[in-house]
Amino acid sequence: MSTPLTIEEIHKLYAAGEATPSEIVRTTLEKIEADNERLNAYLTISKESASIAAAAMDNEIQSAIQTKPLAGIPVVVKDNMCTAGIRTTCGSRILGNYVPPYTATAVQKLQAAGAILVAKANLDEFAMGSSTENSAFGTVRNPVNTDYVPGGSSGGSAVAVAAGHVPVSLGSDTGGSIRQPASFCGIVGLKPTYGRVSRYGLVAYASSLDQIGPFATSVKDAARMLQVISGHDRHDSTSSNAQVPNFLSALTGNIKGLRVGVPPECFGEGLDAEVRTKVEAAIAKLKERGAEIVEVHLPHTKYVVAVYYLIATAEASSNLARFDGVRYGHRTEDPRSLSDLYRRTRDEGFGAEVKRRIMLGTFALSSGYYDAYYEKAQRVRAMLANDFAEAFKKCDVIATPTAPTPAFKIGEKSDDPLAMYLGDIYTVTMNLAGVPAVSVPCGASSAGLPIGIQLIGNHFDEARLLNAAYAFEQENSI
Amino acid sequence: MPITRTEVEKIAKLANLELTDAEKESFPAQLSAIVEYIDQLSELDTANVAPWQPRSVGNAASSFASRDDVVEASLGQETALAEAPNADEGHFTVPRVIG
């Protein structure tokens, strides 16, 4: 049996009595196991618990699909979200054998909606990276062409969907870690508004930027996932109590009169010619569909990577201080003193990119440099947030490329961290400003590598944002 | 601004990090390149811009919520210690700190 690629298709099989959750989960696990040596997308395959959860649903699936939006749907979750009783590594040696005592709210909500967790996905260590080459458990490969990176840091979650293993998965996005791999793998990836989804149980990288969101093969399924995971959570004081609208019913495909802002600053130097052509063609399709294209400006675009790598690393240096070999995780052998315990544990536990970011963040926060770096970045961050506020006075959504290039080859940028960082230019600003953004496939390069268009919405305006993405998806499939 | 090997070692100490010899070799040049790139922020006049504050994210409807300060059940000692690499008699144990 070939596994269907959307939630709707799986539910149709259940409704017709042509499949049971046990059968769907068994097929999914077979595919995952067959492909994992080639793709390295998974760190833990929860075969036993998934099979038990599926079997428990077999008899009630007919009624469950009426009441639970994800009944019997196999899902994959990035391995930086805590899952009680299931190893959660963050792609790091320091948490290599860590089994959390609780489950992240977003994962709990998926399970309450009937989803079955089949595997934990590989990622850049602590979500730090743009290629999923930084995992302590090896590089993830792009299923479109295994010589290429899948993007990152949620590479494994993107591959799970792009390889056809599961219809939907969860990633986390701190500076583009959902949208860029979605673009590189040819699928839909959504970063919700900061605060839309609880971060409880998401191992913190940069707390003011981190947000959980879905991968899917269609905008509809991304909307279904967002519906399930959204909402205030008493365990996360930064989760918003803003009303959660019905995202699915917002997908009318009608964008007549929708004002789509195009910032020329995101189409300048460094943008690959093929990406430009495809994204411009996609904007033309939005226009054909009835949208009004307007010029808007994001005048500080050239500074966003600098701001991001100061703020994200400063927060990371603080957040990752908790990994000290005392309460959980790896501990060095025979420490001579407490400080020797800390330092050797962290040397053995962290990979080079994590150390680089802790170093950069510690530097930016250190005495003598705080004003010139960290505080300066926070001032420019306020300017970036204001740029969006100004732009959204003139438009409803903003369209840009998701990434300046299609996927690059494995190893191509791994020795040049700055070159890797510069690839994040179109995605980090939305995290700094807290606005939602989605990457939707809009074609492929001449080498056959996927290209994504990024649509950006105003705070808590995911309904309109997703409808714009849905309209494009409809128009593009004609 | 270039970051020297001495500074790299100082920052590593502040961050409670031991570095490998390879990292001590590669980090000065890599971090210098990154900081030099970041230094372009000094072009911007931010004298009249207040630093970004978490509460400025979102709109009025997103105001951060607080809950009543009520004591609730927590993990419990056994669960809290279950993942400790070294625990004894209900405590996390570490090397002797005071002689």
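Details
- With at most 15 other Cβ atoms within 10 Å, longest stretch of chain B clear of loop GluC sites (Glu not before Pro) (DSSP): B:1-71
- Residue order, fewest to most beta carbons within 10 Å, for A:Val428, A:Val438, A:Val77: A:Val428, A:Val77, A:Val438
- Between the range B:1-45 and the range A:197-271, the alpha-carbon centres lie 34 Å apart.
- Long-range Cα-Cα pairs in the range A:7-229 (distance over 25 Å), rounded percent: 30
- Per residue, the Cα convex hull of the range B:1-43 amounts to 62 Å³.
- Cα centroid separation, the range A:305-331 to the range A:1-64 (Å): 36
- Overall form of the range A:389-478 per C-alpha gyration tensor (a/c, 1.5; a/b vs b/c): oblate
- When only alpha carbons of the range A:317-422 are considered, Rg and Dmax amount to 19.7, 62 Å.
- Chain B: C-alpha gyration tensor shape, a/c 1.5 cut-off, then a/b vs b/c: oblate
- In chain A, the calculated helix contribution to ellipticity at 222 nm averages -12000 deg cm²/dmol per residue, counting -39,500 (n - 2.57) for every DSSP H run with n ≥ 4.
- Length-normalised contact order of chain B in % [C-alpha pairs under 8 Å, at least 6 apart]: 19
- For chain A, relative contact order (Cα pairs under 8 Å, six or more residues apart, normalised by length) works out to 17 percent.
- Placing pseudo-labels 7 Å out from each Cα toward the beta carbon at A:Ala444 and A:Ala84 gives an inter-label distance of 4.4 nm.
- All lysines inside 21 Å of A:Lys409 as judged from Cα atoms, apart from same-chain residues fewer than 8 positions distant: A:Lys278
- Loop sites in the range A:354-412: GluC sites (Glu not before Pro), DSSP, at most 16 other Cβ within 10 Å: A:Glu412
- Computed from the alpha carbon atoms alone, the convex hull of the range A:123-251 holds 92 Å³ per residue.
- Normalised by the number of residues in the range A:7-229, the mean separation of alpha-carbon contacts (under 8 Å, six or more apart) gives a relative contact order of 19 percent.
- Cut-off 12 Å between beta-carbons: net charge of the residues surrounding A:Ala281, Lys and Arg +1, Asp and Glu -1: 0
- Spacing of the modelled spin labels on A:Arg234 and A:Lys47, each 7 Å from Cα toward Cβ, amounts to 4.0 nm.
- Per-residue ellipticity at 222 nm from helix content only, as computed over chain B with -39500 (n - 2.57) for each DSSP H run of at least four residues, stands at -10000 deg cm²/dmol.
- The Cα trace of chain A gives Rg and Dmax of 21.2, 70 Å, the first to one decimal, the second as a whole number.
- Each 5 Å bin from zero holds the following percent of Cα-Cα pairs in the range A:1-135: 2, 11, 20, 21, 19, 14, 8, 4, 1, 0.
- For the range A:324-357, the list of GluC sites (Glu not before Pro) that fall in a loop by DSSP and count at most 12 other C-beta atoms within 10 angstrom reads A:Glu333.
- Principal axis extents of the Cα atoms in the range A:267-310, from largest to smallest and rounded to whole angstrom, are 40, 22, 14.
- Each other residue within a Cβ distance under 14 Å of A:Phe215 adds +1 if Lys or Arg and -1 if Asp or Glu, for a net charge of +3.
- The residues packed around A:Asn40, meaning those with a beta-carbon under 12 Å from its beta-carbon, carry a net charge of -1 if Lys and Arg are +1 and Asp and Glu are -1.
- Dimensions of the range A:14-55 from C-alpha coordinates, computed as largest minus smallest value along each principal axis and given longest first, are 34, 18, 10 Å.
- Each Lys and Arg contributes +1 and each Asp and Glu -1, all at the Cβ; summed about the Cα centre of the protein assembly as shown, the dipole is approximately 740 debye.
- Net length gained if the chain between A:Asp272 and A:Met383 were fully extended (0.36 nm per residue, minus Cα distance): 37.2 nm
Every number in this text was worked out from the coordinates using simple rules, so none of it is lab data. Just so you know, these numbers come straight off a predicted model, no measurement behind them. So basically every Cβ, Gly included, is an ideal-geometry build from the backbone, and we count neighbours across all protein chains shown.
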